[in-house]
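This report refers to the structure that appears directly beneath it.
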Ligand code: PRX
């Protein structure tokens, strides 16, 4: 008889090494691991020590003999009206060409390669080529602009940057090369080479000696055969930057062996995915969901994966569902924000397609509100499964593990803790564990974090320890920085962030980063950015700014607001642009000068700002209220 989910979870914690040794059998090892988990130096967990493997081998090469002609990558763009399907064999050939080109540009094991690309097949080739060579990719979301890109280049110090002439959104071309050139002008690090994919969307100025064209280089390596470089299980596969409480994004560093095992196990145990099925994840390769569930997990599992460039409602709200019908998609993975966009259209756009292949829809990245869950559940008549995790973990912390044992959905809850995660609720002031049902606490995870989770912050072990493992008094435990509560059956409910991270349309943004950018404006003296509830995007960024000089009249305010927004667009990207910039004469602060963000947020959301006894000047809040 299969084990109950609770027994399965219990064993993953109590017989940790035996449990993960079994899961490790799901992937190919060049050299099997000597030790399953080395936790002799907490909180640094070293998984599958002594083992040697390769992520690209597990995603591609090992499927060739049996599934070589099967679909691997289905690249669809409604922006350029193109559609191309790559079999495993074809994808393998393209990845080898890309790997050979990278080698010719000097890339070796351990080198970083920054990837700043739209959702095109070449981005997938580039990521897989990196891990094939043992190089470390660092993908920067294509919606970010030059400032964000520059800070990530300086931190990752890539030998090579791979990019494209342009992305496209809703039919509007966004040229990448000028943004990349500006980023390279802003940063200190100089990459040895830049490889550009020309889609024919925007002109490119190529810099002699540094910039190379993918098409020309590829032509020289059509028959390339590049063997996988075996790497230690603990060698990094990639870094991915994510926002926190400071203005400087953290490079989340992922290993190779642990990540491959975690994803290989997640497909059958969480998603019930099998070779030959088709996974359609609508995220972006610039986010962790894209890394794990557009690229690596489906390919490791021998499934086909859909890479989609375009909007969910263009040419109409039926587009995703026509893809499900055409390619017999079995698993779909998206974000609540996308469903709220669809919800503005007739549900008939969805239901008119034959969705019989589809098993379920998983949603992640932000709270799934009940009306959205109900609407999509009715529109497609399939199970809707909430899924909670973070860039740091790389795969779900909480969801239903239906591949272990079918579990009932509870609206508003992403489910129980997934196997491998020893989740606790902690009282933030005492550090004590809250064991009773209905008690609100900080969601924390007792170490070691399971395989696949972040190893450290890139080149900053101390920051990893201080940020994640020391925020709770009296104990070393990983903080998710989310509030949570558990019911009597072990189902969790997520109640929002404990820090200044906000979630706009499923994009994780740090308010500090936006504040630092706005402060660079010559006329801005001080600024505070908070996230406020938004019906469509979940949250929207709202900025409160104090100007250096007097700002009289509505027209002057509007002009400066537009100027500030332009600055954010140019430096960080439109994703970080606040929905409004509200000019005030002072920001609410405590007597000791600490910004009262929560009070500003409460007022902006029409809630009671709570205890204001520590506030220096309560009139400031009244002014904010009047200007909203
Ligand atoms: O606050 C939680 C929220 O998004 C954060 C992680 O965002 P990111 O690093 O971009 O990773 C997304 C991976 C899915 C979390 O700390 N979050 C994510 N999923 C959910 C969620 N909040 C509520 N419900 C969820 N299902």
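The values are calculated or read from the model by the stated rules, or taken from the named source; none is laboratory data. In this text the structure is predicted, and so the values were computed from the model without any measurement. FYI the Cβ positions are ideal-geometry reconstructions off the backbone, even for glycines, and counts take in every protein chain you see.
The residues listed here are 498, 511; of these, the one that is within 16 Å of the ligand (Cβ to nearest atom), closer than 15 Å to residue 595 by Cα and in contact (Cβ under 8 Å) with a residue 40 or more places away in the chain is 511. Hey, any hits in the range 304-318 for a residue that's without any contact (Cβ under 8 Å) to a residue 60 or more places away in the chain and crowded, with 22+ Cβ neighbours inside 10 Å? No.
Put simply, of 367, 371 the only residue that is within 9 Å of the ligand (Cβ to nearest atom) and surrounded by fewer than 24 Cβ atoms within 10 Å (Cβ to Cβ) is 367.
Residues are listed down the side, and each one gets a yes or a no for (1) touching a helix residue (DSSP H, G or I) at 6+ places or on another chain (Cβ under 6 Å); (2) assigned to a helix (DSSP H, G or I); (3) within 17 Å of residue 214 (Cα to Cα):
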site	(1), (2), (3)
100	no, yes, yes
119	no, no, yes
125	yes, yes, yes
147	yes, yes, no
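Conditions tested, residue by residue: (1) more than 16 Å from the ligand (Cβ to nearest atom); (2) modelled with pLDDT of 95 or more; (3) surrounded by fewer than 21 Cβ atoms within 10 Å (Cβ to Cβ); (4) part of a strand (DSSP E or B).
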site	(1), (2), (3), (4)
517	yes, no, no, no
525	yes, no, yes, yes
536	yes, no, yes, no
542	yes, yes, no, yes
549	yes, no, yes, no
552	yes, no, yes, no
562	yes, yes, yes, no
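Residues in the range 374-396 that are assigned to a loop (DSSP other than H, G, I, E, B) and more than 14 Å from the ligand (Cβ to nearest atom): how many? I'd like the intermediate steps shown before the answer.
Pass one, the range 374-396, residues assigned to a loop (DSSP other than H, G, I, E, B): 381-383, 389-396.
Then keep just the ones that are more than 14 Å from the ligand (Cβ to nearest atom); that gives 381-383.
Residues flagged as assigned to a loop (DSSP other than H, G, I, E, B) and more than 14 Å from the ligand (Cβ to nearest atom) within the range 374-396 amount to 3.
Of everything listed in (1) crowded, with 24+ Cβ neighbours inside 10 Å; (2) away from the ligand (no atom under 12 Å from the Cβ); (3) touching a residue at least 60 places away in the same chain (Cβ under 8 Å), the single unmet condition for residue 332 is (3). Return the residue satisfying two criteria in turn: it lies in the range 95-110 and is buried (at least 21 other Cβ atoms within 10 Å of the Cβ) and in contact with a strand residue (DSSP E or B) (Cβ under 8 Å, 6 or more places away or on another chain), and of such residues it is nearest to residue 236 (Cα to Cα). That would be 107.
Conditions tested, residue by residue: (1) under 34 Å from the mean Cα position of the chain (by Cα); (2) closer than 21 Å to residue 521 by Cβ.
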site: 560; (1), (2): yes, yes
site: 573; (1), (2): yes, yes
site: 579; (1), (2): yes, yes
site: 592; (1), (2): no, no
site: 602; (1), (2): yes, no
site: 607; (1), (2): yes, no
site: 616; (1), (2): no, no
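Out of everything in the range 488-499 that is in a loop (DSSP other than H, G, I, E, B) and touching a strand residue (DSSP E or B) at 6+ places or on another chain (Cβ under 7 Å), what residue ends up being surrounded by the most Cβ atoms within 10 Å (Cβ to Cβ)? Step by step, filter the range 488-499, then rank; the result is 491. Taking (1) in contact (Cβ under 8 Å) with a residue 12 or more places away in the chain; (2) outside any helix (DSSP H, G or I); (3) surrounded by fewer than 20 Cβ atoms within 10 Å (Cβ to Cβ) in turn, residue 240 satisfies each apart from (3). Taking the conditions (1) out of contact with any strand residue (DSSP E or B) (no Cβ under 6 Å at 6 or more places or on another chain); (2) under 25 Å from residue 505 (Cα atoms) in turn, residue 76 satisfies each one other than (1).
Of the residues making up the range 572-614, those that are part of a strand (DSSP E or B), touching a residue at least 60 places away in the same chain (Cβ under 8 Å) and surrounded by fewer than 21 Cβ atoms within 10 Å (Cβ to Cβ) number 1. Condition test on residue 402, is it over 20 Å from the mean Cα position of the chain (by Cα), under 30 Å from residue 329 (Cβ atoms) and away from the ligand (no atom under 15 Å from the Cβ)? Yes; evaluated as a whole, the condition is true for this residue.
Which residue is farthest from the ligand (Cβ to nearest atom), if the candidates are limited to the range 338-348 and must be in contact with a helix residue (DSSP H, G or I) (Cβ under 9 Å, 6 or more places away or on another chain) and closer than 10 Å to residue 312 by Cβ? Walk me through how you get there before you give the answer.
We begin by selecting, within the range 338-348, every residue in contact with a helix residue (DSSP H, G or I) (Cβ under 9 Å, 6 or more places away or on another chain); these are 338-340, 342-343, 347-348.
Pick out the ones that are also closer than 10 Å to residue 312 by Cβ and you get 338-339, 342.
On the way: 338: 13, 339: 12, 342: 18 Å.
The qualifying residue farthest from the ligand (Cβ to nearest atom) is 342.
Might you check whether a residue that is within 16 Å of the ligand (Cβ to nearest atom), at pLDDT 95 or above and under 17 Å from residue 452 (Cα atoms) occurs anywhere in the range 300-308? Within the range 300-308 (the criterion being within 16 Å of the ligand (Cβ to nearest atom), at pLDDT 95 or above and under 17 Å from residue 452 (Cα atoms)), the answer is no, since none of the residues qualifies.
Which one of these is at pLDDT 95 or above, at negative phi and either in contact with a helix residue (DSSP H, G or I) (Cβ under 7 Å, 6 or more places away or on another chain) or more than 15 Å from the ligand (Cβ to nearest atom) (or both): 226, 252, 288? Explain how you work it out, then say what you get.
Working: 252 fails: either in contact with a helix residue (DSSP H, G or I) (Cβ under 7 Å, 6 or more places away or on another chain) or more than 15 Å from the ligand (Cβ to nearest atom) (or both); 288 fails: either in contact with a helix residue (DSSP H, G or I) (Cβ under 7 Å, 6 or more places away or on another chain) or more than 15 Å from the ligand (Cβ to nearest atom) (or both).
Checking each option against the conditions leaves just 226.
Restricting attention to the range 620-628, does a residue exist that is assigned to a loop (DSSP other than H, G, I, E, B) and at pLDDT below 90? Yes: one or more hits. Within the range 457-483, residues that are under 16 Å from residue 447 (Cα atoms) and within 13 Å of the ligand (Cβ to nearest atom) reach partners that are at pLDDT 95 or above and in a helix (DSSP H, G or I) with beta carbons closer than 8 Å, at six or more positions or on different chains, in the pairs 478/468; 478/469; 479/468; 479/469. Quick one: is residue 408 without any contact (Cβ under 8 Å) to a residue 12 or more places away in the chain, part of a loop (DSSP other than H, G, I, E, B) and either in contact with a helix residue (DSSP H, G or I) (Cβ under 8 Å, 6 or more places away or on another chain) or more than 16 Å from the ligand (Cβ to nearest atom) (or both)? So residue 408 passes the test.
Where strands (runs of 3 or more DSSP E) fall entirely within the range 1-80, those with at least 2 residues that are surrounded by fewer than 16 Cβ atoms within 10 Å (Cβ to Cβ) are at 35-41.
Going through (1) touching a helix residue (DSSP H, G or I) at 6+ places or on another chain (Cβ under 6 Å); (2) within 24 Å of residue 513 (Cβ to Cβ) one by one, residue 580 falls short only on (1). What are the residues in the range 253-269 that are in contact with a strand residue (DSSP E or B) (Cβ under 9 Å, 6 or more places away or on another chain) and surrounded by fewer than 24 Cβ atoms within 10 Å (Cβ to Cβ), if any? Listed by number, the list holds a single entry, 253. Restricting 351, 429 to those that are touching a helix residue (DSSP H, G or I) at 6+ places or on another chain (Cβ under 7 Å), modelled with pLDDT under 95 and surrounded by fewer than 24 Cβ atoms within 10 Å (Cβ to Cβ) reduces the list to 351.
Sort out which residues of the range 127-139 are part of a loop (DSSP other than H, G, I, E, B) and crowded, with 24+ Cβ neighbours inside 10 Å, and write them in order of number. Break it down stepwise before answering.
Residues of the range 127-139 that are part of a loop (DSSP other than H, G, I, E, B), as a first pass: 134-135.
Result: 135, single match.
Evaluated against (1) within 24 Å of residue 202 (Cβ to Cβ); (2) touching a strand residue (DSSP E or B) at 6+ places or on another chain (Cβ under 8 Å); (3) modelled with pLDDT of 95 or more, residue 88 falls short on exactly one condition, (1).
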